[in-house]
Amino acid sequence: MRQRRLRAVALLCLAALGAAPPAPGGEHPPEPADTRQELWRRLREQKRARVHRYEPAWLEARILELEKAERPSILDVDIAGIYPRVQGLAKGSKNAIGGRLWHADLGGSPIDLHASAFYSVSSYEFYDVQLGVIPSAPPTPRGRVPLPHKSTRGDDVFELAALRVPGASWGLYASARYAHSTRLPFFGLGPGSRRSDETTFLQREARYEIVAARSLGNRVYAAASAGLVESGIGPGEDMEYPSTDEIFGGAGLPGLADQPDYWRVGVVAMADGRDVVRNPKRGVVLAIEVDRYADRGGGLFSFTRYAGDLRGFATLSSPQRVIALRAYGSLDDADPGAEVPFYLQETLGGSHDLRGFRNFRFRGTKLALFQAEYRWEMVPALELALFVDTGAVAGAGEDLRLGHRRTSWGGGLRLKTPSSFLARLEWARSAEGSRFYLRLSPAW
């Protein structure tokens, strides 16, 4: 009886394993080929049919996108070609509210249209429009041409970086820009200016230009522009500080009494070896620029500006740790018997250069700036930066001296994506105190 029970259990086990029971007499019949393999195949197919991809809830999905920096358009809302924006217009403007208009290939033609309008809480204004072939990225799979990047400041040349994208090897367009700044700080000229002499002035500037840009191959790019520059200044509108004309009116400040219009011609060339334009980990970029300002009113304020900008990036053991270095220099060469207006001279101080000093703290016709940063990407969307800035200015007839240099240092956090920049919060310290910055544009 017990043997029959054991035999029944064995037969059930063999049946579960897909094996045939032994024939009478203890001999096993030939086992069909791949019987067990077929059983496991069917089991795998049944399991696969029940498996579904995990779908996180809405909040979890947004957190993961931010954590992995998978949302390059967090601040990029497109409403029928209009892009609302919050951004800075100039040093000290505070954040401005406005938008950009972008329509590529108007009416099926190669002509593009870009325009923008902004107004800040400090009553700064900015308006511009460009019409022509504007370098931009190729259309997305949905047929949308991405909004082209603009220069974050007036003194850099990184609009040329748009020529790196496929299908944007050249550009030719007309441009008109108007800026109205109500309270630009002025402390005096040269390295001896004093913090206690702070004043403000109002400046209006309009530029009408034709711009041509071309990729020369092997990551070398060049652009030329020509047009008219109209400038005017007036009393500053900051009630905390006196107006510049009240304090420096009798000092013979060049350009304080007369503001000429200029014919301007500029040429810029750039060799760009960075791996990513707006979030580089490796590579070097060098830009050289020459601008000629010809005074339309007789030549008393005609000058030529020569500038160079060198930036290098290197990883330390991993792409998450980067050393970034920058050297920038500028020289304004006035014609014989001419002067450079004070409001057009280069400056140091603010969130883009000497971050521990007031905006426009030092002003001169000669300038040298050196910056170093250590950048640690804690997660793809968040970066910690430690930095040191040092630089000097000199006035007409003076030499740049190391003894005149000013230094600031600090650190901050930056929010970004793998290919772009979103915002930064920084603290900087100098001999003139500490400063905090919350900006929606990169430092450099």
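Quick notes
- Test: residue 426 is surrounded by fewer than 22 Cβ atoms within 10 Å (Cβ to Cβ), under 30 Å from residue 291 (Cβ atoms) and either touching a residue at least 12 places away in the same chain (Cβ under 8 Å) or outside the structural domain of residue 314 (by TED's automatic domain parsing) (or both): yes
- Every condition in (1) more than 32 Å from the chain's Cα centre (by Cα); (2) under 22 Å from residue 365 (Cα atoms); (3) not β-branched (Val, Ile, Thr) is met by residue 246 except one, and the failing one is (2).
- Restricting attention to the stretch 179-214, the residues being among the aromatic types (Phe, Trp, Tyr), touching a Gly at 6+ places or on another chain (Cβ under 6 Å) and surrounded by 19 or more Cβ atoms within 10 Å (Cβ to Cβ) number 1.
- Contact map, the stretch 120-135: residues that are on the phi > 0 side of the Ramachandran plot and crowded, with 17+ Cβ neighbours inside 10 Å paired with residues that are assigned to a loop (DSSP other than H, G, I, E, B) and among the aliphatic types (A, V, I, L, M), Cβ distance under 7 Å, separation 6+ or inter-chain. Pairs shown: 132/111.
- For the stretch 408-426, a tally of residues being among the small types (Gly, Ala, Ser), at pLDDT below 85 and part of a strand (DSSP E or B) returns 1.
- Those residues of the stretch 322-339 which are over 19 Å from the mean Cα position of the chain (by Cα) and farther than 19 Å from residue 391 by Cβ, in sequence order: 333, 334, 335, 336, 337, 338, 339
- Test for residue 273: is it modelled with pLDDT of 90 or more and either assigned by TED's automatic domain parsing to the domain that holds residue 182 or within 30 Å of residue 312 (Cβ to Cβ) (or both): yes
- Within the stretch 278-305, the set of residues being under 29 Å from residue 163 (Cα atoms), hydrophobic (A, V, I, L, M, F, W, C) and buried (at least 19 other Cβ atoms within 10 Å of the Cβ) comprises 285, 287.
The values are calculated or read from the model by the stated rules, or taken from the named source; none is laboratory data. Nothing here was measured: the structure is a model prediction, and the numbers come from that model. Here the Cβ is made from the backbone with ideal geometry for all residues, glycine too, and neighbour counts use every protein chain on show.
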